[in-house]
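Here you go, one structure.
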Amino acid sequence: MFNNLSDKLDKALHVLKGHGSITEVNVAETLKEVRRALLDADVNFKIAKEFTNRVKEKALGQNVLTTLQQGN
């Protein structure tokens, strides 16, 4: 069960990877998939919605670090 949830969350977060900034569209799409993954894992709907709403509030407007470089 946890492997399935982990896989779904990883796929949902993949949407944000590679973008220079976090937009409302990116966040909405990602959180929709996160909410689905939580519900598929039998998380209570109210809890899943509250969690994704809190993440949305914190994520919107945040800058993605673009100056980081991969270590050697």
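Can you tell me which residue among Arg54, Arg36 is modelled with pLDDT of 80 or more, exposed (fewer than 12 other Cβ atoms within 10 Å of the Cβ) and in a helix (DSSP H, G or I)?
Details: Arg36 fails: exposed (fewer than 12 other Cβ atoms within 10 Å of the Cβ).
Just a single option satisfies the conditions, and that option is Arg54.
Keeping to the range 21-33, report how many residues are buried (at least 16 other Cβ atoms within 10 Å of the Cβ) and at pLDDT 90 or above.
First, pick out the residues of the range 21-33 that are buried (at least 16 other Cβ atoms within 10 Å of the Cβ): 22, 26-27, 30-31, 33.
The next check asks that each one be at pLDDT 90 or above; those that pass are 31, 33.
Of the residues in that region, 2 qualify.
Within the range 4-15, is even one residue hydroxyl-bearing (Ser, Thr, Tyr), in a loop (DSSP other than H, G, I, E, B) and either on the phi < 0 side of the Ramachandran plot or in contact with a strand residue (DSSP E or B) (Cβ under 7 Å, 6 or more places away or on another chain) (or both)?
Of the range 4-15, the ones hydroxyl-bearing (Ser, Thr, Tyr) are 6.
Now narrow it down to the ones that are in a loop (DSSP other than H, G, I, E, B): none.
No, there is no match, as no residue in the range 4-15 is hydroxyl-bearing (Ser, Thr, Tyr), in a loop (DSSP other than H, G, I, E, B) and either on the phi < 0 side of the Ramachandran plot or in contact with a strand residue (DSSP E or B) (Cβ under 7 Å, 6 or more places away or on another chain) (or both).
The values are calculated or read from the model by the stated rules, or taken from the named source; none is laboratory data. Not measured: the values here are computed from a predicted model. So basically every Cβ, Gly included, is an ideal-geometry build from the backbone, and we count neighbours across all protein chains shown.
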